[in-house]
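Here, each number is a calculation from the coordinates, and none is a lab measurement. Just so you know, these numbers come straight off a predicted model, no measurement behind them. All Cβ positions, even for glycine, are placed from backbone atoms using ideal geometry, and neighbour counts span all protein chains on display.
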């Protein structure tokens, strides 16, 4: 089963959100943009347990405006015959090409199967909640919009037993893994209601524990101690001369099965020399692994819609990657919400759902498109390598190549360390370089990556060179302005190397070159002491490009209080560029 | 009932797997039971997929449900997967669910009941009862619905197959074309609709044609499981053949399985019925069917029985029941200021039209609708009613509901009080339910709930035909008896009964008589008027026979024979 369409209206931070997943969904976004609310919303409409109790919190209503209805509507596809027939009369049709509901179909005289090819049978469900002022709580339910008429306040509710037919699993990474507790994770999995050998084993354990505990009082010394306690009570309680062990026994947890089961904790032996250790002692990673694996083991996880919030918390990246990939394979559709952008490697670009929140608190969702052109495929490669670490950022700065990025990042660190100027990250600005995975040299890669980043809801700032050829330069500026929100251009004839050297005294340059050469055991192909002015700058710029790039070491080698003028200016512009659009000429 | 209790013939019918199977059997030979067992057999077979269901098409859902209920634990595990519908309810389901994908538009035209059609005329902007089956066929024939239908119902059972008309037969053929096996249950001797539905294609050719295309024909024969002694079926069969002097009839008289009360005048009728009812109860019988000839005579009888304190369920007049509910709701909606009084008058007109059978619209209905002038006295009473509703609404919902319930009686129209009063009781119950559901919410919520449940009930009466189950005394006309059974059946004939122009040997009426007589598990009681119609007059000439007591039998509580 897959969600083909979801609409969230007036729920928590969402005034209105519509989304049409392509397949699986990798949910990322800025903090506070609503990842958890999205997962909760889907759980409300899909799980039969969501409306078990009336909603007493008004916080679920957007901006606490209780006059409007909460609505969470989903269109479910890839149903399979069992669900289709369970919901026969309520089925509807979905145009997979248009991504829209088919309200009616005209007949059919020459209707052909090719026309049917884009039509899929779907099930539409809607969760709604209405605040009842006199009761000070909300009434909520799930209905079939097909037969409901909100204008007439007439809703055809989905009976609970039917809601139970919908295969959905919520992976809960909070709480104890492998527990027998009341919410009975493990017992549910064993299928304790049916005929299994588990109940008999439980009984056996109970009796065994009772017997052993009862034997405690056979200890003569314990009996003696108990006798002393009982001594003054014999008369008032009318105990006569009965032995202590006839009057007192011990039972764990007062003999209640639930209590004993609660007390049971899994211990795990991963290496012989460590022996069995409680799961919690192995660290949060192992607990997280078990919780996720437990969800995968559920009978309904296969082909189900699996909802996971905050995936990867407490997991190391490699384990998280493995589990995410497994979830993606097993589930009909996984909605994996996470802060760990690197997990995006397991997903295709069109499976990204990035949530953003504007300064006025309004939320929006952005998703990647399936690549149809070569340019998009190339950009898709960037996505994985470049955008993943930036998923939680608000703005991205795209520079032409790795050296630009290294130099700007190092300059920013130096300014932060020496003058306390905040890092770009503090303003949720991430630095991406367009050239890293593209051999084309960068300048044509920027528009592609910028487009992609824009589609995912980033404020995009491009930092570009000013080519010597006027025509090419103009074209490049136009292209970049069409893709990015802001284009910051180095002065004419400047690339990153000259920008690094800008405003530095010859002496400072010579010292820094010497330090870099010494530290990295490289030798300039010229004698810095022998040249000066423009020539020194030209030769130094060339040297910076050698040995795979000495940009960052050079910036680092500048003495305290000395900064490249253009780098500083560029960083200043970046900080203001996050709220504007257009061309900035350095 | 256990598997071992089925006869070899019945077991064979249950196990049949051919695409088209006809099961013949006399009344009470267990055809419906066989079909339910067949459904179970299929649903528990390895071929059954989790999404499979069995569709049970019938003329009276209640009758099949009754049998399913009595078949006990055997069907428990598959009961949810056996879907029992009348033909029209099934058609309505298909049209409502998928009509919008078969060119009928997103918003289906509103449904117009027979009475509404009669009073307001037919129109293309409304759906009528007669439109449903052709539309359903259209829907099922679209490829996208066809797949679903074929996937869901690999087995379709048709009960009372001998009475299917052309459209119903076409629907069955279509379901078979989708991939369903057909299991047709038939008893040509019970064909009772041919007389007035002949123009729709009901007739002997149906069964004859089906035999030609059937892959397997099974005859369960005459033995009745309703009456294992076979005394009653044999007697009924003889009477159907007009052989009143047959030994089976004499045997029935001698065994006290048939009693005849001759020349009972109208004044004595109630006392006679009371006497037989008391006798049946004293003998431990639980269910009693009282069958009369016309709706009107049955309704009058019902009123009198109520008056003498004999509680019973009146089966029939279903449409009038639904229309009365709609009128009651309209009255409440008017009181609350949601609709005009015109609307109330229109609903009353429809109710009156539905209550009175016949092709013409009652004059008063036209007047209520506003097409003709009403007598001044009635106009005044309507004005009073109008004021009364408005005033009671001010005193709260409960008063409003009560005022609505008293509406029809206070108009002083002689007709249709019975269906109104029955519906009023139902309405009162619905209103209380709506109040509970609406809880402390605004009155608007109450009216929404009320409208919803009335609409559901009305739809039920329109499509499902009957509502009565389980009551110990059921009163109905002869045409509604099919598929039902009772320990004791009382057949009431009156001088005024009209049996059409049919002459001896009364082929159609005899079949109807046969159906009525075979409903009884223990005893038939025929009550004749002083000058009975030739159809039943031979009962009066039956010889007086000494009744042989059947010890042990009388005290055994029956009703669980299936």
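Angle of helix A:284-297 to the longest C-alpha principal axis of chain A, folded into 0 to 90 degrees and rounded to 10: 70°. With R₀ fixed at 45 Å, the C-beta to C-beta distance from residue B:304 to residue B:147 puts the FRET efficiency at about 0.25.
Placing pseudo-labels 7 Å out from each Cα toward the beta carbon at residue B:363 and residue B:242 gives an inter-label distance of 4.1 nm.
Quick one: helix A:470-483 against the long Cα principal axis of chain A, what's the angle to the nearest 10°, folded into 0 to 90? Computed tilt is about 20 degrees. Taking other Cβ atoms within 10 Å as a rough exposure proxy, A:19, A:180 sort from fewest to most as A:19, A:180. Two numbers describe the Cα atoms of region B:127-267: Rg and Dmax, which are 20.3, 63 Å.
Output the peptides A:343-352, A:262-271 sorted from most to least packed, where packing is the average of other Cβ atoms within 10 Å over each peptide's residues.
Working: A:343-352: 21.7, A:262-271: 12.9.
So the order, starting with the most tightly packed, is A:343-352, A:262-271.
In the frame of its principal axes, region A:18-135 has Cα extents of 55, 36, 27 Å, reported largest first.
Past the 11 angstrom mark, what percentage of all C-alpha to C-alpha distances in region A:540-586 do you count? Percent of Cα pairs beyond 11 Å in region A:540-586: 74. Site pair residue A:141 and residue A:532 shows an inter-label distance of 8.9 nm when each label is modelled 7 Å from Cα along Cα→Cβ.
For region B:339-359, the residues whose amide N sits under 15 Å from a probe point set 7 Å from the Cα of residue B:378 along the beta carbon direction are B:345-356. Given the Cα-Cα distance of residue A:134 and residue A:345 and 0.36 nm per residue of separation, how much length would full extension add, in nm? Stretched out fully, the residue A:134 to residue A:345 stretch lengthens by 70.9 nm. What 222 nm value per residue comes from the helices of chain A, counting each DSSP H run with n ≥ 4 as -39,500 (n - 2.57) and dividing by all residues, nearest 500 deg cm²/dmol? Computed mean residue ellipticity for chain A: -10500 deg cm²/dmol.
Per residue, how big is the convex hull around the C-alpha atoms of region B:1-152? Give it to me in cubic angstrom, could you? Don't jump to the answer; show the numbers that get you there.
Values: hull volume 21.5 nm³, N = 152.
Hull volume over Cα atoms, normalised by residue count, gives 142 Å³.
Cα centroids of region B:382-427 and region A:451-497: 81 Å apart. Across peptide B:99-107, the mean count of Cβ atoms from other chains lying within 10 Å of each residue's own Cβ comes to 5. The alpha-carbon atoms of region A:463-586, seen along their principal axes, cover 44, 31, 25 angstrom, with the largest extent given first.
From Cα pairs below 8 angstrom and at least 6 apart in sequence, can you work out the relative contact order of chain A, rounded to a whole percent?
This gives 13 percent for chain A.
Region B:329-365 to region A:1-80: how many Å between their Cα centroids? Taking the Cα centre of region A:1-80 as reference, the centre of region B:329-365 is 46 Å away.
Footprinting exposure proxy ranking of B:130, A:197, fewest other C-beta atoms within 10 angstrom first, gives A:197, B:130. Across the alpha-carbon atoms of region B:91-160, the computed radius of gyration and Dmax are 13.8, 42 angstrom.
Kirkwood Rh over alpha-carbon pairs of the protein assembly as shown, then Stokes-Einstein at 20 °C and 1.002 mPa s: what D in µm² s⁻¹, rounded to an integer?
Details: Rh = 37.3 Å.
Once the numbers are plugged in, D ends up at 57 µm²/s.
Cβ crowding within 10 Å ranks A:126, B:178 as B:178, A:126, fewest other Cβ atoms first.
In deg cm²/dmol, rounded to 500, what helix-only [θ] at 222 nm does chain B give when every DSSP H run of at least 4 residues adds -39500 (n - 2.57) and the total is split over its residues? Let's see the in-between values first.
On the way: 24 runs with 276 residues, N = 562.
Computed ellipticity for chain B at 222 nm equals -15000 deg cm²/dmol.
Under the classification rounded if a/c is under 1.5, otherwise prolate if a/b is larger than b/c and oblate if not, where does chain A fall, given a ≥ b ≥ c as square roots of the Cα gyration tensor eigenvalues? Judged from the Cα gyration tensor, chain A comes out oblate (a/c at least 1.5, b/c at or above a/b).
Summarise the long-distance tail of P(r) for chain B by giving the % of C-alpha pairs beyond 43 Å.
Details: 36667 of 157641 pairs.
Percentage above 43 Å: 23.
I need to check one value: relative contact order of chain B, counting alpha carbon pairs closer than 8 Å and at least 6 residues apart, in percent. For chain B, the relative contact order is 22 percent. For chain A, the longest principal axis of the alpha carbon atoms and the long axis of helix A:533-545 meet at an angle near 40°. Suppose R0 equals 22 Å. What FRET efficiency, 1/(1 + (r/R0)^6) with r the Cβ-Cβ distance, do residue B:402 and residue B:444 give to the nearest 0.05? In this case the efficiency is close to 0.60. Only alpha carbons enter this Debye calculation for region A:518-570, each as an equal point scatterer, and the log10 of I(q)/I(0) it gives at q = 0.25, 0.27 Å⁻¹ is -1.21, -1.29.
Applying 1/(1 + (r/R0)^6) with r as the Cβ-Cβ distance of residue A:237 and residue A:68 and R0 = 60 angstrom yields a FRET efficiency of 0.35. Here region A:257-384 has an Rg and Dmax of 18.9, 63 Å, counting Cα atoms alone.
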